[in-house]
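Accompanying notes for the structure given below.
Nothing in this text is a laboratory measurement; each read-out follows from the coordinates by a stated rule. Given the structure is predicted, the values throughout are model-derived calculations rather than measurements. In this analysis, Cβ positions are derived from the backbone assuming ideal geometry, glycine residues included, and neighbour counts consider all displayed protein chains.
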Amino acid sequence: MDERNDRGAGVAPDAAGLAEVGSLAQLPAGTTLRVTAGASDLLLVNVDGRVVAIGDLCLRCGSSLSTASLAGRVLTCRGCGWKYDVERGCVDGLPSLRTELHEVSVDDGRLLVASAIVVRAPDS
């Protein structure tokens, strides 16, 4: 499942320093959801009920990982075949090659990321 959620354009952090990027209803177990939070494109991944966010671009070929296939906790890039362990935040088999990884909090069905990663794009 690949959906796009552009809620990030108006993302504002709450008092706890978290910003809402989607809802759990949009992200059943075993699926992904690409979201834009400020100037950052993230891929939310639900692995057996645990939701994490990773950077959306493949480190090798630059393809969007929103088109990657998900098997368990491993995303396979459709552009080059690199595999990402989304729970460890690294390229599978190359643990020192890390991708952007963020915890996602779930509060009353809302998906929240730390507002520190929600960097707003400059106004045009």
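From most to least packed by mean Cβ count within 10 Å, the peptides 63-70, 47-54 give 63-70, 47-54.
Taking θ as phi - 60° and the Karplus parameters 6.51, -1.76 and 1.60, the scalar couplings of segment 86-98 work out to 6, 7, 9, x, 9, 6, 4, x, 10, x, 7, 8, 9 Hz in sequence order, x denoting glycine and proline.
When a/c is below 1.5 the answer is rounded, else prolate if a/b is larger than b/c, else oblate, so apply that to segment 12-98 with a ≥ b ≥ c taken from the square roots of the Cα gyration tensor eigenvalues. Prolate, since a/c reaches 1.5 and a/b exceeds b/c.
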